[in-house]
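Read the figures in this text as sums done on the coordinates, not as results from a lab. Everything quoted here is computed from the prediction, not taken from an experiment. Please note: Cβ atoms are built from the backbone with ideal geometry, for glycine as well, and neighbour counts cover all protein chains shown.
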Amino acid sequence: MHTSNLKTCPETGNTHGEWHATTAGRLAKLMQSYLCALDNNEQAFKGLLSLPDDEFAIEFITQAITARHSQQESPETARLLKRAKNRADFLNELVKLGGTVKSSEVARILGVSPVTVNNNRKNGKLLAIQLGGDYLFPMFQFAKNGQHNDKGMLKGVGEILGSLDHLSDIRRCGFFMGRIDTLDACLEMQTTPLTILEKGATDEEIRQLCRIAKLRGMQDAE
């Protein structure tokens with residue numbers, strides 16, 4: 001690569017090749033088209049500008065895509081819009097739960113090598129979502145200060161992942177985030193597996209969550 005083609009990122013100080021400038025140019029054109037799509041919707045802009053950056057990006061793109069296709073509605077367009085909206089909602093929930101990190105940060109959190117992180121991901125012992133060419137690891141699976149710790153992981157996550165090994169990464173992630181009937185039959189409410197784990201799940205609760213996870217996988221496979 002010729003050094004004359006290298007550019008320095010003002011935020012990180014890292015150098016990048018022509019691909020960086022090409023990607024930036026394409027994003028700029030795309031953002032302009034999205035702005036035009038929302039040009040006459042001042043209310044939408046006001047709502048978007050009040051959001052944090054990550055949520056702003058997700059909601060902005062989702063609303064712009066919806067606006068661009070609103071005049072050419074078709075079954076295929078409706079399907080694409082629904083998928084885009086579901087994906088945006090999913091990513092937004094991940095942001096609220098602490099976001100995601102790359103393998104190098106996971107290695108630091110767990111005190112292991114990047115190779116071990118990659119092997120554990122492949123073996124289903126770590127939860128990761130592939131976006132583009134990167135694997136991103138949801139932070140909710142790792143123990144935070146004061147939480148119930150199992151070698152750096154939130155206690156119970158490993159066992160539950162073992163019961164979800166037949167599902168896609170997004171569906172496995174969704175199981176932790178999605179609502180289920182509470183494990184306490186005396187309570188008339190719903191909760192999420194993640195909430196149960198964060199409060200400090202008993203061994204019996206973890207066994208029940210593993211059972212529900214296996215049943216969820218069988219239902220999704222049908």
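The lysines whose alpha-carbon is closer than 19 Å to the alpha-carbon of residue 122, local same-chain residues fewer than 8 away aside, are 102, 151. Each of 93, 204, 198 was scored by other Cβ atoms within 10 Å of its Cβ. Listed from fewest to most, they are 204, 93, 198. Close amide H pairs (under 5 Å, H built 1.01 Å from N) link residue 191 with 180, 182, residues at least 5 positions away or on another chain.
Partner lysines whose Cα lies under 17 Å from the Cα of residue 214, excluding those fewer than 8 positions away in the same chain, are identified as 125. In this structure, the amide hydrogen of residue 149, modeled 1.01 Å from its nitrogen in the peptide plane, lies closer than 5 angstrom to those of 155, counting only residues at least 5 positions away or on a different chain.
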